[in-house]
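One structure is given here, and the rest of the page talks about it.
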Amino acid sequence: LKDKKKGLQIGFNAGDSANYFLSMNKGTLLSVDIGRHPYILEAEQYINNKYPNRHILLIGDSTKVIPELPNHIFDYIFIDGGHTVKVATADIENCKRLSDENTLVIIDDYVVKDEWIRNWNANVVKAVNNNTDFVKVGQKDFGIGRGIVWGYYKF
């Protein structure tokens, strides 16, 4: 990610991923989160203090917020939002218009080992596997229910 300067993240939560991405380079990050956790604004303040003028958090349902974003192309997109098939599918599909052939797309909670699939990530696995526009380049299983896949969109 060192050469990727403009990022989009679905699922800010406590800001751990935002902290990681912003520490990799001097770029910017736009995060979208549904805002259900009470600590999100405190986490946003921490990120904004640590990385001034480099992070924006939009509170709202990603399936509604992402389609309303202007047509900016991001260098990388990290999808770690809702875990229903409907939301995971919408997030993957909606992010395509915000990318080009060089946009790295990273999707959290994807595992290959069947015995590591759990209720919180089974629908993410289905959404990724059913999307014909997303081309997997790499994947890493970390443990039960925990993994990641990365790749690019077909254009």
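Results, tabulated for the structure shown:
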item	result
Nearest-ten-degree value, helix 40-50 long axis tilted from longest Cα axis of the chain	60
Of I107, V124, I77, farthest towards positive along the dipole that unit charges on Lys, Arg, Asp, Glu beta carbons give segment 68-128	V124
Accessible area (Å², per residue) of segment 1-107, counting only protein heavy atoms and a probe of 1.4 Å	52
The chain, relative contact order in percent, only Cα pairs under 8 angstrom and at least six apart counted	20
Residues N130 and N19, FRET efficiency given R0 of 25 Å [Cβ-Cβ distance, rounded to 0.05]	0.20
Fraction of the pair-distance distribution of the chain above 25 Å, Cα-Cα pairs, percent	25
Dipole magnitude of the chain about its Cα centre (Cβ charges: Lys, Arg +1; Asp, Glu -1), debye to nearest 20	240
Charge dipole magnitude, Cβ of K and R +1, D and E -1 - segment 74-144, Cα centre, debye nearest 20	200
Relative contact order (%) - segment 32-72, alpha-carbon pairs under 8 angstrom, separation at least six	58
Within the accessible area of segment 73-155 (1.4 Å probe), percent carbon and sulfur	54
Net length gained if the chain between D61 and H37 were fully extended (0.36 nm per residue, minus Cα distance)	7.3 nm
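The values are calculated or read from the model by the stated rules, or taken from the named source; none is laboratory data. Worth saying up front: this structure is predicted, and the values here are computed from it rather than measured. Heads up, the Cβs are rebuilt from the backbone with ideal geometry, glycines too, and the neighbour counts pull from every protein chain shown. Surface accessibility is based on the protein's heavy atoms, side chains included, excluding ligands, DNA and RNA. Shrake-Rupley method; radii C 1.70, N 1.55, O 1.52, S 1.80 Å.
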